[in-house]
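Peer 1: Dropping the structure in here first, questions after.
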Amino acid sequence: MMMDKKITVLDMQKMKDEGRNITMLTAYDYPFARILDSAGVDILLVGDSSGSVVAGHENTLPVTMDEVIYHTRAVARGRKKALLVSDMPFMSYQVSIPDARFNAGRFLKEGRAEAVKIEGGSQMKDTIKALVDIDIPVMGHIGLTPQSIHRMGGYRIQGRKEGQAEALMADALAVQEAGAFAVVLEGIPSTVAERITRELRIPTIGIGAGPHCSGQVLVIHDLLGLSGRKLKFIRQYVDIEKVISEAVGRYLEDVRSGDFPSEEESF
Ligand code: KIV
């Protein structure tokens, strides 16, 4: 059901309690924010996935605070209703709690975000609490956490090995206990995600975590066929790369043949 009024962090809990699935998509700029917001998405996430799908890096580690703030400001101008969440990039919250507070505050102050997302479970509970204590709403993110690529030895499904499912449950509970309003579950078996979603009071938002979460998130470039990634958990709804490539091909042909611009397109 699409909401007519501004969506806030409080609506997330309400949606879980009422059994309504939460929809979340990434956005990195003004036109996408405008389109996704008017299509009725509940949450716009300025993901550090921008590093991969917009900037062309091989992972999210090089993404900087200033880059995410730039994207957040553009997205904020395009959205009207959706809750705006900014991803805290690698090394913007891991070094110290004062750092995390200062950097998270920049997203609200300079970017007009309404919440931040940070990766990590039990080891991040003090950091999450420190942000929540100064009224910065936090979305957690556990399981396959892309900023931990080197520890994980690549983008591998988490929670399959002996003891890992219990560790994930402990992470989810720690994030909730610290005061997060929701938690992303990425790249974990759907049985584990189902159990976490059942145990937690706060909503879970899945990506590669099966159908039993309280909501789902996808990277918009994956959904539109703009990222070149073909992964099991992605549903690609359209091939925009093909659409762009055909349109550009026609433009090139028209310029080369002298067909563009026509008399009507000239002054
Ligand atoms: O950076 C991102 O886009 C994310 C989502 C995929 C959850 O963290």
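Each value in this text was obtained by applying a stated rule to the coordinates, not by laboratory testing. Being a predicted model, the structure only gives us computed values, none of them experimental. Cβ placement follows ideal geometry from the backbone for every residue including glycine, while neighbour counts extend to all protein chains displayed.
Peer 1: What ranking do 122-134, 5-17 get when scored by the average of other Cβ atoms within 10 Å per residue, highest first?
Peer 2: On the way: 122-134: 17.7, 5-17: 15.9.
Top to bottom by mean Cβ count within 10 Å: 122-134, 5-17.
Peer 1: Using only Cα atoms, find the angle between the long axis of helix 30-39 and the longest principal axis of the chain, and express it within 0 to 90 degrees, rounded to the nearest 10.
Peer 2: Between the helix axis and the principal axis of the chain, the angle is about 70 degrees.
Peer 1: Another question, if that's okay. What is the dipole size for the stretch 33-137, taken about its Cα centre, with +1 at each Lys and Arg Cβ and -1 at each Asp and Glu Cβ, in debye to the nearest 20?
Peer 2: Numbers: 13 positive and 14 negative charges, 95 e Å.
My answer is approximately 460 debye.
Peer 1: Can you check what the net charge comes to around V68, using other residues whose Cβ is under 14 Å from the Cβ of V68 (Lys, Arg +1; Asp, Glu -1)? Mind showing how you got there, number by number?
Peer 2: On the way: positive: R73, R106, K109, R112, K117; negative: D29, D48, D66, E67, D87, E110, E119.
Once positives and negatives cancel, what remains is -2.
Peer 1: Next question, about the same structure. How do the peptides 61-67, 204-210 rank, highest first, by the average count of neighbouring beta carbon atoms within 10 Å per residue? Numbers along the way, then the final one.
Peer 2: Numbers: 61-67: 16.7, 204-210: 25.1.
Most protected by this proxy first, the peptides run 204-210, 61-67.
Peer 1: Another one. About its Cα centre, what dipole magnitude does the stretch 126-245 give when the only charges are +1 on Lys and Arg Cβ and -1 on Asp and Glu Cβ, stated in debye to the nearest 20? Write down the numbers at each step before the final one.
Peer 2: Numbers: 13 positive and 13 negative charges, 108 e Å.
I would put it at about 520 debye.
Peer 1: Nearest 20 debye, what's the magnitude of the dipole of the chain about its Cα centre given +1 on Lys and Arg Cβ and -1 on Asp and Glu Cβ?
Peer 2: 760 debye
Peer 1: Compute the acute angle (0 to 90°) between the alpha-carbon long axis of helix 97-109 and the principal axis of greatest extent of the alpha-carbon atoms of the chain; round to the nearest 10°.
Peer 2: 40 degrees
Peer 1: What FRET efficiency do you get for L10 and S266 if R0 is 45 Å and r is their Cβ-Cβ distance, rounded to the nearest 0.05?
Peer 2: After rounding, the FRET efficiency stands at 0.25.
Peer 1: How far apart, in nm, are two points set 7 Å out from the Cα along the Cα-to-Cβ line at E162 and at R256?
Peer 2: Result: 6.3 nm between the two label points.
Peer 1: Turning to a different aspect of this structure: For a 20 Å ceiling on Cα separation, which of these pairs sit above it: K5/K80; K80/K109; K16/K80? If you can, show how the numbers build up before the last one.
Peer 2: Details: K5/K80 9 Å; K80/K109 17 Å; K16/K80 22 Å.
Over 20 Å apart, Cα to Cα: K16/K80.
Peer 1: Which angle between 0 and 90 degrees, to the nearest 10, do you get for helix 164-178 versus the longest principal axis of the chain when only C-alpha atoms count?
Peer 2: Around 90 degrees separate the two axes.
Peer 1: Hey, another quick one. Calculate for the chain the 222 nm mean residue ellipticity that helices alone would give, adding -39,500 (n - 2.57) per DSSP H run of length 4 or more and normalising by residue count, nearest 500 deg cm²/dmol.
Peer 2: On the way: 11 runs with 110 residues, N = 267.
One gets -12000 deg cm²/dmol as the mean residue ellipticity at 222 nm.
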